[in-house]
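Asker: My questions will all concern the structure given below.
The values are calculated or read from the model by the stated rules, or taken from the named source; none is laboratory data. These figures come from a predicted structure and were not determined experimentally. Every residue, glycine among them, receives a Cβ derived from its backbone with ideal geometry; neighbour counts consider all protein chains shown.
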């Protein structure tokens with residue numbers, strides 16, 4: 001692109017001018033599904049022991065922004081940060097294969113928190129969520145991160161800035177400046193930290209949400225202007241940036257319809273191997289498995305080590321995920337808990353899993369994230385299954401609304417959280433005259449009551 005700022009201008013104009021009434025009905029319905037999934041996964045994240053400890057440590061004030069699943073609320077910054085951490089803590093958050101990451105998780109926590117504080121209408125919130133998703137997804141698709149950089153906390157900040165600016169009713173110039181400023185507030189996020197099991201990784205998405213808030217404040221105060229900072233961060237220090245992709249088919253191609261929902265509590269690159277094993281499982285006795293060979297693309301090949309010392313490392317270990325799927329027939333969050341990782345049967349199977357990079361499968365990226373699994377049995381026979389994408393991908397056994405509600409029940413019923421209430425909130429939210437009292441009804445623990453914030457912010 002001759003003018004590197006032209007794409008930012010296009011993003012700013014799109015986000016500022018997006019009208020919910022003009023959005024196709026199918027896109028509106030998909031965004032509601034994304035929000036339902038996001039909220040369910042966030043509440044489940046708060047319901048883990050580590051999630052509960054973090055909320056207790058922060059001890060949020062009684063502010064206007066809900067912290068779903070906890071019965072508590074906090075300031076915009078507290079809620080966005082805590083919800084950002086919880087939303088990705090179980091590796092169950094919605095994602096987009098073309099962005100190679102999680103647009104919604106980078107946008108929804110700050111959009112929901114700011115919308116509750118500002119007491120905007122449901123349509124304003126919906127437009128902000130959609131604008132943020134579309135900007136974030138395109139930023140991810142346009143960025144080729146350097147090897148070793150994890151896609152949390154960097155390109156998604158642009159979407160968060162777009163969402164906050166849209167909620168504030170900013171004009172195109174201010175929105176453009178906010179998006180550009182967010183490009184200067186990104187994190188350097190090493191993949192090695194993830195593989196080491198360091199949960200600081202969960203805070204990277206939370207940071208991106210807050211970066212969007214702060215970028216918009218700078219722009220609205222006239223302290224940030226639209227410069228090509230993002231060219232030097234995403235397009236230099238952290239990776240390579242194709243500016244033309246940033247504004248590709250805005251308003252015509254809706255990337256939110258191209259995402260995936262996750263059925264396994266693990267990195268999406270582990271899902272095709274797990275799905276392939278689940279397809280074989282009815283005919284395969286785990287005790288009869290001599291060896292498992294997983295051929296996959298270069299993005300997944302780095303997850304070859306057997307890790308089970310901590311939840312995060314196990315969720316990014318193809319051998320552990322394959323072992324869990326083969327032994328238990330699911331990859332539920334409990335399989336990656338402290339107790340689940342002590343499962344000696346899973347460990348024995350996981351030790352027999354080898355992961356091999358197949359360069360031919362790289363050519364099928366990003367449309368397909370292939371895994372070819374070969375299971376060798378003790379009788380000398382071999383079973384082979386190819387999985388082109390994770391189950392739940394828009395192009396491969398996509399989830400419908402009923403399937404998402406079942407996922408929510410599986411996650412929230414054990415926590416005593418009322419999924420029917422959650423579904424009702426999502427169904428009502430985009431039509432609300434004031435989103436604050438609707439969001440205040442998000443379910444919390446049975447013995448904790450939530451309240452509506454008393455006064456709107458001027």
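Asker: From the list 347, 408, 354, 367, which one is touching a strand residue (DSSP E or B) at 6+ places or on another chain (Cβ under 8 Å) and either closer than 22 Å to residue 301 by Cβ or surrounded by 15 or more Cβ atoms within 10 Å (Cβ to Cβ) (or both)?
Answerer: Working: 347 fails: touching a strand residue (DSSP E or B) at 6+ places or on another chain (Cβ under 8 Å); 408 fails: touching a strand residue (DSSP E or B) at 6+ places or on another chain (Cβ under 8 Å); 367 fails: touching a strand residue (DSSP E or B) at 6+ places or on another chain (Cβ under 8 Å).
Checking each option against the conditions leaves just 354.
Asker: Have a look at 186, 194, 200 and point out the one that is surrounded by fewer than 19 Cβ atoms within 10 Å (Cβ to Cβ), in the same structural domain as residue 126 (by TED's automatic domain parsing) and within 21 Å of residue 84 (Cα to Cα). Steps first, answer last, please.
Answerer: On the way: 186 fails: surrounded by fewer than 19 Cβ atoms within 10 Å (Cβ to Cβ); 194 fails: surrounded by fewer than 19 Cβ atoms within 10 Å (Cβ to Cβ).
200 is the lone residue from the list that is surrounded by fewer than 19 Cβ atoms within 10 Å (Cβ to Cβ), in the same structural domain as residue 126 (by TED's automatic domain parsing) and within 21 Å of residue 84 (Cα to Cα).
Asker: Go through the residues of the range 142-158 one by one and say whether even a single one is assigned to a helix (DSSP H, G or I) and over 22 Å from residue 218 (Cβ atoms).
Answerer: So in the range 142-158, the residues assigned to a helix (DSSP H, G or I) come out as 142, 156-158.
Next, from what is left, pick out any that are over 22 Å from residue 218 (Cβ atoms): 142.
Yes: one or more hits.
Asker: Related question: Condition test on residue 145, is it at pLDDT 95 or above, within 24 Å of residue 114 (Cβ to Cβ) and surrounded by fewer than 23 Cβ atoms within 10 Å (Cβ to Cβ)? Give the steps one after another, and end with the answer.
Answerer: Details: at pLDDT 95 or above: yes; within 24 Å of residue 114 (Cβ to Cβ): no; surrounded by fewer than 23 Cβ atoms within 10 Å (Cβ to Cβ): yes.
No.
Asker: How many residues does the range 370-396 contain that are within 14 Å of residue 96 (Cβ to Cβ) and touching a helix residue (DSSP H, G or I) at 6+ places or on another chain (Cβ under 6 Å)?
Answerer: Here the count works out to 2.
Asker: So, one more: Search the range 370-387 for residues that are farther than 17 Å from residue 318 by Cα and pair each with any residue that is part of a loop (DSSP other than H, G, I, E, B) when their beta-carbon atoms are under 8 Å apart and the residues are at least 6 apart or on different chains.
Answerer: Close Cβ pairs satisfying both conditions: 377/284; 383/284.
Asker: Same structure again: Restricting attention to helices (runs of 4 or more DSSP H) lying wholly within the range 160-234, give those where 1 or more residues are in contact (Cβ under 8 Å) with a residue 40 or more places away in the chain, under 21 Å from residue 103 (Cβ atoms) and touching a strand residue (DSSP E or B) at 6+ places or on another chain (Cβ under 7 Å). Spell out how you get there, then give the answer.
Answerer: Details: elements: 172-182, 191-195, 202-220, 229-232.
Per the criteria, 191-195, 229-232.
Asker: Which condition number in (1) more than 25 Å from residue 390 (Cα to Cα); (2) touching a residue at least 60 places away in the same chain (Cβ under 8 Å) is the one that residue 87 fails?
Answerer: Failed condition: (1).
Asker: Now for a different question. Among (1) touching a strand residue (DSSP E or B) at 6+ places or on another chain (Cβ under 9 Å); (2) part of a helix (DSSP H, G or I); (3) surrounded by fewer than 21 Cβ atoms within 10 Å (Cβ to Cβ), where does residue 82 come up short?
Answerer: It is condition (3) that residue 82 fails.
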